[in-house]
Amino acid sequence: MGTTEITASGRSIGKGLGFRKSLMTLAASVMLATSAQAAGPSTAEVNTTGLAVTDDTVTVGILHSITGTMAISEIGSVQAEKLAIEQINASGGVLGREIKYVQEDGASDWPTFAEKSRKLLRQDDVAAIFGAWTSASRKAILPVIEQYNGMLYYPTFYEGLEQSPNVIYTGQEATQQILAGIDWAVKEKGAKSFYLLGSDYIWPRTSNKIARKHIDKLGLKVVGEEYYPLGHTQFNSVINKIKLKKPDVIFASVVGGSNVAFYKQMKAAGVDFTEEKPLLLTISVTEDEIRGIGGENVEGIYASMKYFQSLDNPNNQEFVAAFKETYGDDMVIGDVTQAAYLGPWLWKAAVEKAGSFDIDKIREVFAGIEFKKAPEGYVRIHENHHLWSKTRIGRAQTDGQYQVVYETEELMEPDPFPEGYQ
Amino acid sequence: MFDGYTSSELMSIFAMQGFAGLSLFSVFVLMAMGLAIIFGQMGVINMAHGEFMILGAYTTYLTSGFFQSYLPSLFGGYFFVAMILAFLICAALGALVEWLMIRRLYHRPLDTLLATWGLSLIMQQAYRSIFGAREVGVELPEWMMGAFQVTDLVELPINGLFVMIIALSIAVGVYLLMYRSGYGKKVRAVVQNRPMAEAVGINSAGIDRATFALGCGIAGIAGAAFTMIGSTGPSSGQAYIVDTFLVVVFGGAQSLIGTIVSAFGISQAQSTMEFFLSGSMAKVLTLLVVVGILMLRPEGLMALKVRR
């Protein structure tokens, strides 16, 4: 294609405008032709389904809440996804094509997520969507993305019990986080009794169901299970109950603003987490949340997650440095932010392995896709569209960072439909 | 559920539980007082009440940052400065809002609901643009954290005591202002009969503005106090608004005493039930009881007898 253009334009202009000009045009066209060649396989070949792919660009969608109550959590994900896209572009793009993105705002409103994902898929023909945060927003996108056969890269740790052919779950599903966390508390800390405490919606309730099953299986005791409405700010009664029951471990899945109230009131009630009586193990407080709670209020609590900003490996040091350079030194990176960063990279790896942007072709090659430069170390996509990843236990410090005290030796297998746990 | 506990353990738990109820009570009083003044005395449904509280919280956040950088030696006392600033800033914004918006809507109460709800969205997004979407951590002076050790088992949180003292002083202050001052007399005159009040020379527009500003200012103080027990983020105010209306409506809209009685009833019921049931169930039951009582007494607990 490139060569015919050179001869054609070279000749026609050469006749009328003189030799020098025609030479310049020739040179320019040659340059164009070579750059087009570097762009890799032709568009017709890599895109048979009408996606927004041109000879040198490919368009993807970013769909998070940047306004409304969820903005607090989702903005980190947007930043991570944009950073990954920038880095991929700097290293040559995907199949030689520069990634462009269309960003839409889910506005913390679930129907808006559905509407905007429809817009991204039908109007912008995006090749992938990086987005959603809460399970509710994912469930709103799900029918749309399945109907139009798109692909969503979903970053949050969540309750499991889902496996869509049109979603890649880059965060952990519940068993990966919970089983490892409880096993650690039992083995390393000799925990015998647990108090389960969460916000009142699907994720904490499912998580505690899994936790309770696992604790029963180990022959240990759950001495209390409590849920409080989202946004609840008075925890004095439950703190008294905890004092009365004296559990070895408080297993906490309180989310959002309630966290701030809960930890401040625990501290005010004279509970010093550094004494580990009781020990507090959370699956919901990342470095992001600690910024709002205040490091001095959570010092000594443990979190069970796959990523902490303090992870000591070269990938992560590079990632943290790049993140801070782009967004400022005072940024903190939580578990979900890192998982969001994986999305574009996994998508790129899948596209390159499939040699195509077509969703159906990518889907066939997903199982076994690896990302060795992941800040968390190494991840691989499981057949069930979740990631194999390690689980770590971190201990919160006054500076708002976690110090990693334990990590599983093997990658944890994702198991979104755990038998006997449902 | 009390098997295996000694009676002294139970006694101390009940003592702490009683304290938990009292501190919830003072939180409710603080939340509701500003709204009760605006809603009860002016009939304006201020949906932006929570956002005014958060403005107070952000003021506290900024003050704490200022003291940390410039006056670290006085950090222990910054909270009092923050409360005064919170009052002044919220009252000033309240007066501005009244002048721009509310005064045009006095005869259309349902429109004030929509307008102030819009205002709350604007304020939330403004916080998000100025302070970022993330919650900010307000650092407290050391003396405010921790607990009084009364006995081995009974520990009373200092910040809970502090909130109680603030709530009490504000309640007394508002009472004196409303029932023992010239300003209060004028407010009550305007509430009871606006044309007559104007006829005897009371500047009713000025009274309205001052009352709205006062309510917003008290919301600001409440917001400052709540940095001790809750979160400070752009949409944190939403967490308070439902409980606040619940307390005010249940107490009887035009009665400040009713607000206090209702805050006491709801907080005690809720914290007692929270202890025996799960948190969500306690809330459901509390709401059911409130709905039941409101069906029997639609005007609220302490309705003023007004001629219709």
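The values are calculated or read from the model by the stated rules, or taken from the named source; none is laboratory data. Source: prediction; values computed, not measured. Note: ideal-geometry Cβ built from the backbone for every residue, glycine included; neighbour counts use all protein chains shown.
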### Residue, nearest to B:V136 (Cα to Cα), within region A:243-266, restricted to residues that are touching a Leu at 6+ places or on another chain (Cβ under 7 Å) and assigned to a strand (DSSP E or B)
A:A252
#### Entry: Criterion violated by B:G251 - all others in (1) farther than 28 Å from B:F79 by Cβ; (2) of a type outside the set (D, E); (3) at the interface with another protein chain (Cβ under 10 Å from one of its Cβ atoms) satisfied
(3)
### Task
Scan B:Q125, B:Q149 and give me the residue that is at pLDDT 80 or above and either more than 10 Å from chain A (Cβ to nearest Cβ) or surrounded by fewer than 17 Cβ atoms within 10 Å (Cβ to Cβ) (or both).
B:Q125
### Message
Which residue is farthest from the other protein chains (Cβ to nearest Cβ), if the candidates are limited to region A:214-242 and must be in a loop (DSSP other than H, G, I, E, B) and more than 25 Å from B:S231 (Cβ to Cβ)?
### Response
A:L218
#### Entry: Selection within region A:53-68 - out of contact with any helix residue (DSSP H, G or I) (no Cβ under 7 Å at 6 or more places or on another chain) and at negative phi
A:D56, A:T57, A:V58, A:T59, A:V60
### Query
In region A:405-422, what residues are under 21 Å from the mean Cα position of the chain (by Cα) and either exposed (fewer than 15 other Cβ atoms within 10 Å of the Cβ) or over 23 Å from A:T170 (Cβ atoms) (or both)?
A:E410, A:E413, A:F417
### Query
Of all residues in region A:205-221, which are touching a residue at least 60 places away in the same chain (Cβ under 8 Å) and either touching a strand residue (DSSP E or B) at 6+ places or on another chain (Cβ under 7 Å) or in the same structural domain as A:T156 (by TED's automatic domain parsing) (or both)?
A:S207
### Query
When you look at A:A211, is it crowded, with 24+ Cβ neighbours inside 10 Å, away from chain B (no Cβ under 12 Å) and assigned to a helix (DSSP H, G or I), yes or no?
yes
### Query
Hey, does region A:118-129 have a residue that's more than 18 Å from the chain's Cα centre (by Cα), of a type in the set (D, E) and outside any helix (DSSP H, G or I)?
yes
### Task
At least 2 residues that are within 25 Å of A:A128 (Cβ to Cβ) and in contact with a Ser or Thr (Cβ under 9 Å, 6 or more places away or on another chain) in each: list the strands (runs of 3 or more DSSP E) lying fully within region A:308-422 that qualify.
A:379-381
### Message
Out of everything in region A:251-260 that is buried (at least 23 other Cβ atoms within 10 Å of the Cβ) and either in contact with a Phe, Trp or Tyr (Cβ under 9 Å, 6 or more places away or on another chain) or of a type in the set (K, R) (or both), what residue ends up being nearest to the other protein chains (Cβ to nearest Cβ)?
### Response
A:S258
### Count of residues meeting criterion [touching a residue at least 60 places away in the same chain (Cβ under 8 Å), surrounded by fewer than 20 Cβ atoms within 10 Å (Cβ to Cβ) and of a type outside the set (S, T, Y)] in region B:262-275
2
### Query
For B:V154, which of the numbered conditions (1) at pLDDT 90 or above; (2) within 12 Å of chain A (Cβ to nearest Cβ) fails to hold?
(1)
### Query
For region A:125-137, how many residues meet the condition of being surrounded by 24 or more Cβ atoms within 10 Å (Cβ to Cβ) and not aromatic (F, W, Y)?
7
### Message
The conditions are (1) in a helix (DSSP H, G or I); (2) at the interface with chain A (Cβ under 10 Å from one of its Cβ atoms); (3) out of contact with any Phe, Trp or Tyr (no Cβ under 8 Å at 6 or more places or on another chain), and B:D243 fails exactly one of them. Which is it?
### Response
(3)
### Task
May I ask you to list the residues in region A:184-204 that are in contact (Cβ under 8 Å) with a residue 12 or more places away in the chain and either at positive phi or assigned to a helix (DSSP H, G or I) (or both)?
A:W184, A:A185, A:V186, A:E188, A:K189, A:G190, A:I202, A:W203, A:P204
### Query
Could you give every pair whose Cβ atoms fall below 6 Å, whose first residue belongs to region A:338-366 and is in the same structural domain as A:A321 (by TED's automatic domain parsing), and whose second residue is among the aromatic types (F, W, Y), counting only separations of at least 6 or pairs across chains?
A:Q338/A:Y307; A:G343/A:F130; A:G343/A:Y153; A:W345/A:F371; A:L346/A:F371; A:A350/A:F366; A:V351/A:F357
### Query
Looking at region B:1-44, which of its residues are among the β-branched types (V, I, T), at pLDDT 80 or above and either farther than 22 Å from A:V238 by Cα or surrounded by fewer than 24 Cβ atoms within 10 Å (Cβ to Cβ) (or both)?
B:I37, B:I38, B:V44
### Query
Residues in region A:87-117 that are under 19 Å from A:V351 (Cα atoms) and either of a type in the set (D, E, K, R) or free of Cβ contacts under 8 Å to residues at least 24 places away in the same chain (or both): how many?
7
